[in-house]
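To start, the structure under review is shown below, and the notes come after it.
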Amino acid sequence: MSGQRSVSHSAFSIGARLWKIATIPIDDYLPFGRIPGLLRPSYRVIVAASRLPPETKGLVRRVVQKTRLWRHEKRDVARELIAHFQDGLGSGRSTEELIASFGEVKQAARMIRRAKKRVRPVVWQVWKRGWQTIGCTLLLALVVYGVAAARLLLASPAVSHDYLADLNATAAAVPEADRAWPIYRAALMSLYGSDWEAAAPNVGVQPGDEGWKTMSVFLASNQPALALLREASAKPGLGFITGFAIAPEDQVLVRRGVRPTGEDTVEKQSPVTSPSENDNPVLMRVQLFQLMHLRRASLLCASDAFRAAEEKDGKTVVADLEAMIGMAEHVREIPMMIDDLVSISILTRAMGAAGLLLAEHPELFTDDDLTRLAHRFASFSGGGSIRVHLTGERIMFLDVLQHVYTDDGDGSGRITGEGLEFLRLLDQQSASFQAQAPLLVSSAEKALAPVRGFLMADRAEMLREYDALTALAAAETATPLWQRGESRIEVHLSRSDDSPLDRARYQPLLRLIPVFRHVSVTGELTTQMRDALLTAIALELYRRRHGAWPQSLQSLAPELLPTVPRDRFDGRPLKYRLIDGSPVLYSVGTDLDDDGGKPLDLGPRGRGRPGTYAARWLPPQRVEQLKRTAGPMTSEDWQLLPDADWILWPPPDSRFHP
Amino acid sequence: MRIERELMRGAGPVAVLKLLEQRQMYGYELVEAIERRSAGVLAMGQSTLYPMLYNLEAKGLIRGRWRDADNGRSRKYYALTARGKRRLAHDVRQWRELSRAMANLGILPKPAGGPREATA
């Protein structure tokens with residue numbers, strides 16, 4: 001008996017030891033050691049190897065399985081529950097009692113899981129929190145994206161105002177009998193006749209240029225058409241009603257007017273299509289083909305003036321110059337910046353021709369001619385400084401706003417999906433024109449449209465920002481060149497360009513806002529040229545009356561000039577010198593140094609366009625910086641800051657020039 | 001008497017810590033001791049006790065170790081840590097204050113001669 005008990009006790013001991021080897025991880029004996037989990041038995045093996053009744057085993061398995069814990073955690077829980085039931089059975093309680101007193105399986109598993117997770121390593125805790133944070137953030141972002149997308153897609157622009165009518169208001173108010181455009185059309189149709197093909201490449205040439213003979217012959221044989229141009233230019237208004245389609249009576253003109261090689265085109269190309277354009281297209285698509293034709297007409301008049309000068313026909317010379325001034329006035333009738341710039345271009349050409357002819361053929365002009373021309377140039381666009389107006393740009397901007405935003409009735413609204421698509425197309429077009437990378441670079445941008453819509457300023461804020469910028473521009477435009485520094489508007493715009501948030505918020509502004517600083521400088525430079533021409537006319541009149549050139553410009557005022565005009569670069573009186581007995585009018589030019597009338601020497605590169613570089617305006621701080629550059633000037637610096645004056649009269653390419 | 005769950009949530013851990021203050025005990029032993037010494041009032045099933053033990057272990061108030069029992073079986077014994085002792089002292093103070101307040105309100109009988117502790 002004792003032997004049998006001894007054997008059974010030994011067997012029990014061996015079994016217990018094997019049970020321990022199978023179930024107790026080495027980790028419990030080795031404080032720093034770890035055995036890979038895969039080498040240890042799973043909890044199922046442990047439960048199966050336990051000496052528990054099947055019902056209890058099943059309970060333990062279910063509880064442990066539902067905890068969804070890590071492998072070693074499950075093993076730990078299983079071992080503990082097995083030990084608990086073994087103790088319970090060992091104390092005399094029945095399986096049913098123990099199972100009944102255990103509690104609810106799901107709840108037990110959930111509570112065990114929650115508690116066990118609290119003892120997991122810090123790294124895991126951080127990892128879990130991190131993913132929770134990312135998940136919550138993504139969920140929040142998704143919700144925000146969804147709301148933004150819904151707001152965007154459910155919104156529609158409210159196109160309610162006919163801004164085209166605003167743009168055409170001045171032209172529409174011109175009585176039919178006073179409208180110049182029908183006469184211009186007739187003149188141009190006549191000019192675009194059978195011999196236009198040969199003449200077209202030579203529009204704008206002057207005596208001595210290649211093609212002058214061809215152009216001269218063309219002009220001589222088309223005097224009736226030129227007379228029509230002069231007649232048209234004398235009309236009170238242009239009366240050109242712009243629209244989105246070319247009127248039938250103008251279509252022939254557009255088809256016949258073959259664009260000469262090299263001539264700048266001013267036709268507005270606007271392939272951007274707004275989805276909301278069915279009844280009220282975006283103003284940017286308006287047809288402005290008349291600009292190109294009127295500019296061409298002015299070049300023809302300029303060439304004709306030179307032709308008439310060759311024939312000593314002073315009357316025609318004056319008529320052609322006055323026609324050009326009239327055309328420049330007409331072009332400004334539509335209050336858009338592009339129109340003003342073309343107007344300035346025509347006026348500049350007229351002033352250039354007048355200055356050259358005055359220098360080389362003063363005998364062609366009577367005193368009355370000169371006086372009349374002086375009054376025409378002085379009173380151009382109402383007199384005073386020549387400005388580029390921004391009225392039309394605001395009209396255009398308001399029109400864009402109504403095509404891309406909703407209208408809440410209080411002057412504001414939110415961006416629409418259609419609006420964003422329009423801006424995306426506009427951005428691509430604008431970037432290609434400006435040789436820039438578009439703000440929106442790929443179709444992935446469409447997926448980001450709700451985000452952009454969320455970030456973009458509302459209608460009221462966008463308009464406020466626009467008005468603030470145009471106010472800056474207007475203030476700058478009203479400031480004479482000699483009182484200007486760094487352009488505040490350019491600084492403002494470059495700050496916005498550098499800020500991704502501003503770029504997202506004010507994207508329409510950045511693409512639609514014109515280059516204000518450059519246009520305001522253009523106005524000032526044109527004013528300078530106009531003032532110089534008026535002074536040149538006064539000088540000629542003085543010479544005729546007194547038999548000699550005046551020693552100073554003060555002698556011209558007030559009889560021949562109201563006051564001595566200013567040099568718009570330094571604010572001092574316009575510079576005048578007699579060099580070898582001949583007068584020279586000049587401005588100190590870009591470098592702000594009076595070089596005594598020193599012309600720009602382009603050296604081996606040739607003449608180029610006279611006065612171009614010396615007439616570039618730079619902020620005074622930039623000029624000082626370039627002057628302080630140590631060492632020899634680089635060719636780029638020299639180009640920016642030539643050591644020369646801006647010769648205003650006589651023109652540098654005049655034979656009259658000393 | 002079945003105690004409200006919210007009350008059990010506060011009383012259960014204190015009871016466990018108090019029992020472990022005297023000596024280390026294993027899970028089944030704790031269940032039996034709580035039931036017996038609280039006259040069944042704080043009786044809790046294994047589904048409540050073990051999560052509680054794991055929570056206390058996670059907080060560092062108790063520490064569990066597997067040991068071989070005299071009968072050859074392995075059991076996980078739990079012992080109070082130093083932090084657990086401090087926490088127990090704190091909780092006991094709070095319970096005494098609470099019972100004094102309840103007694104003043106007439107909810108509990110006022111002890112004669114001071115607070116009395118339940119004995120095993």
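The values are calculated or read from the model by the stated rules, or taken from the named source; none is laboratory data. Nothing here was measured: the structure is a model prediction, and the numbers come from that model. Because the Cβ atoms are built from the backbone with ideal geometry, glycine has one as well, and the counts that use them run over all protein chains shown. Side chains are part of the model used for accessible areas, which takes the heavy atoms of the whole protein and leaves out ligands, DNA and RNA. Shrake-Rupley method; radii C 1.70, N 1.55, O 1.52, S 1.80 Å.
Residue ranking by accessible heavy-atom surface, 1.4 Å probe, largest first, among B:41, A:77 comes out as B:41, A:77. Between residue A:551 and residue A:132, the contour length at 0.36 nm per residue exceeds the Cα-Cα span by 142.1 nm.
When the charge dipole of the stretch A:93-237 is built from unit charges on Cβ atoms (+1 for Lys and Arg, -1 for Asp and Glu) and taken about the Cα centre, the candidate among A:107, A:180, A:147 whose Cα reaches farthest toward its positive end is A:107.
Could you please report the charge total around residue A:98, scoring K, R as +1 and D, E as -1 over all other residues with beta-carbon less than 13 angstrom from its beta-carbon? Net of charged neighbours comes to -3.
Shape call for the stretch A:327-415 from the C-alpha gyration tensor, a ≥ b ≥ c root eigenvalues: rounded (a/c under 1.5), prolate (a/b greater than b/c) or oblate? Numbers along the way, then the final one.
Values: a/c = 5.76, a/b = 3.75, b/c = 1.53.
Judged from the Cα gyration tensor, the stretch A:327-415 comes out prolate (a/c at least 1.5, a/b above b/c).
Between residue A:110 and residue A:72, the FRET efficiency from the beta-carbon distance, with R0 = 25 Å, is close to 0.80.
Phi angles across the stretch A:114-128 convert, under the Karplus curve 6.51 cos²θ - 1.76 cosθ + 1.60 with θ = phi - 60°, into 3J(HN,Hα) values of 4, 5, 5, 5, 5, 9, 5, x, 4, 4, 5, 4, 5, 4, 5 Hz, Gly and Pro given as x. Shown for the stretch B:46-61: residues covered by the partner protein chains by 40 Å² or more of accessible area relative to the chain by itself (probe radius 1.4 Å), namely B:46, B:47, B:50, B:51, B:54, B:55, B:58.
Residues of the stretch B:1-32 losing 50 Å² or more of accessible surface, assembly versus chain alone, probe 1.4 Å, please list them. SASA drop of 50 Å² or more in the stretch B:1-32: B:28.
Just to be sure I understand the interface: list residues from the stretch B:68-108 that lose 50 Å² or more of accessible area between the chain on its own and the complete protein assembly, 1.4 Å probe. Residues losing area: B:73, B:74. In straight-distance terms, cross-link reach from residue A:315 covers every one of the lysines whose alpha-carbon lies under 25 Å from its own, apart from those fewer than eight places away in the same chain; here that gives A:213, A:235. Of the whole protein surface, residue B:32 contributes about 60 Å² of accessible area at a 1.4 Å probe radius. Rounded to 0.05, the FRET efficiency of the residue A:363 and residue A:408 pair, given R0 = 56 Å and the Cβ-Cβ distance, is 0.25.
Computed from the C-beta positions of residue A:498 and residue A:118, the FRET efficiency with R₀ = 35 Å rounds to 0.10.
Each of residue A:150 and residue A:580 was given a label point 7 Å from its Cα along the Cα-to-Cβ line. The distance between the two points is 8.3 nm. Interface area, chains B and A: about 2400 Å² of buried accessible surface, summed, with a 1.4 Å probe and ligands, DNA and RNA left out. Projected label points at residue A:510 and residue A:165, each 7 Å from Cα along the beta carbon direction, are separated by 3.6 nanometres. Note: relative contact order over chain B, using C-alpha pairs below 8 Å and six or more positions apart, is 25 percent. Classify the stretch B:50-106 from the C-alpha gyration tensor, please: rounded if a/c falls under 1.5, else prolate or oblate depending on whether a/b exceeds b/c. Verdict is prolate for the stretch B:50-106.
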